[in-house]
Amino acid sequence: MGCGVSKSNHFHKTHGKKALRAAVLIQRWYRQYVARLEMRRRYTWHIFQSVEYSGEQAQIKLHNFLCYLMDNFTPASNERNLISHIFRDNEVCRDPEWERYFCYKNIEVPELYSGPHLIFPLTMDQAIGLVDAFRNKKQLHSRYLLQLLLETWKQIRMLPNINRISTCHSKEITICGDLHGQLEDLLLIFYKNGMPSLEKPYLFNGDFVDRGKDSIEILIIMFSFLLVYPGEVYLNRGNHEDHIVNLRYGFTKEVLTKYKMHGKRILKLLQKIFSWLPLATTIDHKVLVLHGGISDTTDLGLLARVDRHHYVSALRPPKNRPKSVAEMSIDSDVSRDLFHNKRRNSVTYPKSLVSRDSFQNRSLQDFSKIKGEDELDTQSVCSPRRDRAEKGCADSVSLESINCEEEWKQILDLLWSDPMSKDGCVPNEVRGGGCYWGPDVTEDFLNKHNLQLLIRSHECKQEGYEFCHNRKVLTLFSASNYYDVGSNRGAYVKLGPDLVPYVIQYQANSMTRKLTVRQSVRQTEGSAIKVLREQLFSHKSDLICAFKKFDSENTGLCFVSVNDWACAVEGVMSLGLPWRVMRSQLVKCKTNDSMIDYNEWFHELAIKGSSADHIDQSLLETLYRHQATLETIFRIVDLDNSGFITMKDFVQTWRLLSSFLKLEITDQAIADLAIDIDQNNDGSIDIEEFMEAFRLTDKKSRLERGRSMFMGTATDLTKLEGDPNI
């Protein structure tokens, strides 16, 4: 019996060691698996965010360029006339004229109209009815919409710059971050949390519009509840509540598509409402809620006193107000003649072009040749702190204009800034606007204003929220699946009398609940790789130059090693991505002895289409890389918002683009392109047809929706979706 026990013990010991070894191996494999998933998740996120921020930076650069033309070209020049209308803050000055201008009473509602009907003053049932109607894909008639916007404007003008909310009587405040036109997220929040009411107040923290396809519906719902419950519904302005930003990111296009007859009037009144939105909100005098962030100079006392409606676009300082401002309506703007007054921060002026007289006969062709000292500093809007060090400007600027400039800096920081982990305050070069501020700035700001928490939005977070700066700053983002289905959760916060934030997360798309973690990562990674492949192709010329530097013997061969390929790509793209790890997903062509044929690679990356075969490749690359900028200029040139521009304006659009990008695009190449596009020979260019003609839109990616940022084909998408390595 003793021997039997001994054998049994030996068996169990041996078996136990094998089981332990197997458990260790499984654990090691699982940790490596989780680490790989996390790495893929992180670089996917980095791709999406880098592309998003580069788009915002390009928007600000374009805006600075247009501001430069406005300030330096003669008023009678064709170039200036082409863009001047977007800088006219108001065409009608006095309040009664605004009401007459947006009169809705002469608009008839046809009997066949099956959408919601509104009777003012609005009731709770009507507001809820609007939510149900939009859930069922119905549209509000333009008569009711104009009346709603007019009533909203009257109401919102009565609000202070900084709203104040109290949680007395154990009332909870629900705070929502960016929604970006994603109605399904708002509907889910209402389903989970309940609709706004006397017992359930809401605060919406900006960026209601752009990118998503239902921005106008979100605004209608918010404005309706604001009118029904003016003491329970609060709205903060975001950086996308800006008509110049809306030109690029889809809201302008959405309104003109849904309201073809009265779209221009609707946009004009919305532009007015956006300028009157409050800048921030305090809760119990202890929690500050604002859209972007703060800087080392943010002063709530100053922000509480500014005339916020003068800052129609936060990207451009307001024009100096005349001395007789007291005699004008509180809603009036200065005359158009004051456009020529010199401003700082919007752009930095070229040193050699000191006189406006030198522009009397200057053309865009001349401007495109400006080099060296004459280069525009297109980053200047993002760095008001840098501009404070400049000398020589203050002597010619009035005290009032200095005050306006300081107010503008405060508002710019409020709407565009982001937190960073290290101490200090530096210009936000990534976005191109606002600043990065550190924990020390947060601590000083909270102590100065006797606050305990700062809640902001403005940044997409994978979990829908994120605490930083010792949990004294909370970032809240309410648009789930923002970059693509499964890319991120949305979140909202409930704040009670104890002022301890309670975060609720969600994902609005039912598909995401059916996906495993691996499937979710694979799907979002596939979309990110697709976007990245398109970005790589759009930098083809720069990449070829970088690859040729590794051919030290000038052999003319088109082969580079994997390591050299990775170094060259990172040198051009500067994205900080693990290129060697991602090579198998980005380079599908066969490699020879660990060498990459980059000519074949570019041929593979190229987005093929019969309509693009005849276009010069350098011009096609320009289209790829700057399509959002091109479409924005199209929208600006389209004065009547018809969706069509003349052949002459089409040529002028390309001249603006080539001057902005400092590119040599011949008039003949532009003329040939225009003739080819105008297939019906009616002498006009359909903007939508042009963007579609060269596959400059892709409806499959949420990141791309509403702003035509990237280009893709079904072939490329199929390749990515069918790739077992993704």
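The values are calculated or read from the model by the stated rules, or taken from the named source; none is laboratory data. The structure displayed is predicted, hence computed values, not measured ones. In this analysis, Cβ positions are derived from the backbone assuming ideal geometry, glycine residues included, and neighbour counts consider all displayed protein chains. For the accessible areas, the whole protein counts, side chains as well, though only heavy atoms, and no ligand, DNA or RNA atoms are used. Shrake-Rupley method; radii C 1.70, N 1.55, O 1.52, S 1.80 Å.
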- Note on the structure: Sorted by accessible surface (1.4 Å probe, heavy atoms of the protein chains only), largest first, V34, V651, V521 come out as V34, V651, V521
- Query: Dividing the Cα convex hull volume of region 440-482 by residue count, how many Å³ per residue is that?
  - Reply: 67
- Query: According to a simple spin-label model (label point 7 Å from Cα along Cα-to-Cβ), what is the distance in nm between A304 and K588?
  - Reply: 6.1
- Give the Debye-formula value of log10 I(q)/I(0) at each listed q (0.14 Å⁻¹), with one equal scatterer per alpha carbon of region 100-210, two decimals each. -0.75
- Translational diffusion coefficient, Stokes-Einstein: compute it for region 171-212 using the Kirkwood radius over C-alpha pairs as Rh, at 10 °C and 1.306 mPa s, and state it as an integer in µm² s⁻¹. 147
- So what is log10(I(q)/I(0)) for region 171-276 at q = 0.10, 0.16 1/Å, when the Debye sum runs over its Cα atoms only? -0.27, -0.68
- Note on the structure: Square roots of five times the C-alpha gyration tensor eigenvalues of region 431-541, ordered largest first and given in whole Å, equal 32, 22, 9
- If one computes the Cα centroid of region 232-268 and of region 453-493, what distance in Å separates the two points? 24
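Average the reciprocal distances over every distinct pair of alpha-carbons in region 252-291, invert the result, and give the Kirkwood radius in Å.
Computed over Cα pairs of region 252-291, the Kirkwood hydrodynamic radius comes out at 12.2 Å.
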- Query: Roughly how many Å is it from the Cα centre of region 18-54 to that of region 656-676, as a whole number?
  - Reply: 46
- Item | Entries in K171/K286; K192/K258; K200/K494; K61/K422; K409/K472; K171/K461 that, when Cα-Cα distance is taken, lie over 19 Å | K192/K258; K61/K422; K409/K472; K171/K461
- Rounded to the nearest 0.05, what FRET efficiency do E443 and K138 give with R0 = 56 Å and r taken as the Cβ-Cβ distance? Could you check? 0.70
- Item | Whole-Hz ³J(HN,Hα) from phi, Karplus 6.51 cos²θ - 1.76 cosθ + 1.60, for region 431-447, glycine and proline x | 7, x, x, x, 9, 9, 10, x, x, 5, 5, 4, 4, 5, 5, 5, 5
- Message: 7 Å from Cα along Cα→Cβ at both K17 and L198: what's the point-to-point distance in nm?
- Response: 7.8
- Message: Using the basic label-point model (7 angstrom from Cα toward the beta carbon), what is the S642 to K105 distance in nanometres?
- Response: 3.1
